[in-house]
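Comments concern the structure below.
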Amino acid sequence: MKENDIRPNELRKELDKLQTNDIKKILKYKKKFLEVNCPACANGQRDYCFRKKGFDFVRCKKCDTLFVSPRPTEDILNNYYCLSEHIKFFNDKIYKLSEEARKNNIFKPRVKKVIEFCDKFKVNNNTIIDIGAGFGSFGELMRKAKKFEKVIVVEPSKYLAETCRKKKLCTIERSIEKVRDIKANVITCFELIEHLFEPKKFLDSCYNILDKNGLLILTTVNIEGFDLLVLKKKSDNVLAPNHLNYFNIDSLEMLLTKCKFKILQIETPREIRC
Ligand SMILES: [Zn+2]
């Protein structure tokens, strides 16, 4: 898979322009940004690493998690995601143009993997919830696979939630921390926790929603992955406020254990994409 397949070259310039504008808008609230402790181990001691596009990146002295501090408050971030022009552009143009390539290269393999995990760990097949569903492609394919009786998607961004509803997916347009009275056998969240103001609060909510023998399947960027070790701040992945938390395997494991999860499997896929 090439980047052009999922982010067409002709649209990337416009996307970058809109994203730069969105970042400028959020930086107007910089005085309201909050200093935070390490999102993995809650330690307060950190080393300053670098500044990129107006955001300061620091590294936890105890667990080596890289994170943005000070960072926008939860309200400022919610507002950013609701009004963000570049996310609207992603939804209206980029996802639409690249949907087939995304399905074939990203979401079909994900559905297959999730089903393998469910079989391996003998999970009840009543309800699966995909949090941060985006364009709803994973939800659609999961519904098509007929593995679960109910497929629910959670997507707080109004543009993306509307897209999910158009696909007739059972859609909750709120953050999971505000959702009550729902139970799931499996929760999936792909490339989500790096975006969150407070990952621990999110994981606690997931734990409360999961069935006793339920499964949480999550993916996130690994700050000790080869690409990030080489590119460091030059990586497109290192960009706030979209990405605020960059865990490594040990620090993510520590956080999940703190949130009462039992770790069943950790993978770094080592995919070579050229
Ligand atoms: Zn830490």
**Q.** MRE, 222 nm, helices only [DSSP H, n ≥ 4, -39500 (n - 2.57), over the chain, to nearest 500]
**A.** -11000 deg cm²/dmol
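By how many nm would the segment from Lys178 to Asp211 lengthen if fully extended, with 0.36 nm per residue of separation less the alpha-carbon distance? Present the calculation step by step, with values, prior to reporting the outcome.
Values: separation 33, 0.36 × 33 = 11.88 nm, distance 1.78 nm.
The span from Lys178 to Asp211 would gain 10.1 nm if fully extended.
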Q. How much of the DSSP beta bridge set in the chain is antiparallel, as a percent to the nearest 5?
A. 40
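Output the Kirkwood hydrodynamic radius of the range 3-258, Cα pairs only, in Å rounded to one decimal.
Kirkwood hydrodynamic radius for the range 3-258: 19.1 Å.
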Q: Express in whole angstrom the spacing between the alpha-carbon centres of the range 131-186 and the range 36-108.
A: 21
Q: Pick out, in residue order, every one of the chymotrypsin sites (Phe, Trp or Tyr not before Pro) in the range 27-124 that is DSSP loop and has at most 16 other C-beta atoms within 10 Å; say none if there are none.
A: Tyr29, Phe121
Q: Just grab the label-to-label distance for Thr73 and Lys53, each label 7 Å out from Cα along the Cβ direction, in nm (one decimal).
A: 2.4
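Give the order of Met254, Met142 when sorted by the count of other beta carbons within 10 angstrom, beginning with the fewest.
Values: Met254 19, Met142 24.
In increasing order of surrounding Cβ atoms, one gets Met254, Met142.
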Q. In sequence order, what are the phi-derived ³J(HN,Hα) couplings for the range 150-159 according to the Karplus relation 6.51 cos²θ - 1.76 cosθ + 1.60 with θ = phi - 60°, rounded to whole Hz, with x for glycine and proline?
A. 10, 10, 10, 10, 10, 8, x, 6, 5, 5
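The numbers here are math on the coordinates, done by the rules we state, and not lab data. Just so you know, these numbers come straight off a predicted model, no measurement behind them. Ideal geometry is used to build each Cβ from the backbone, glycine not excepted, and the neighbour counts take in all protein chains shown.
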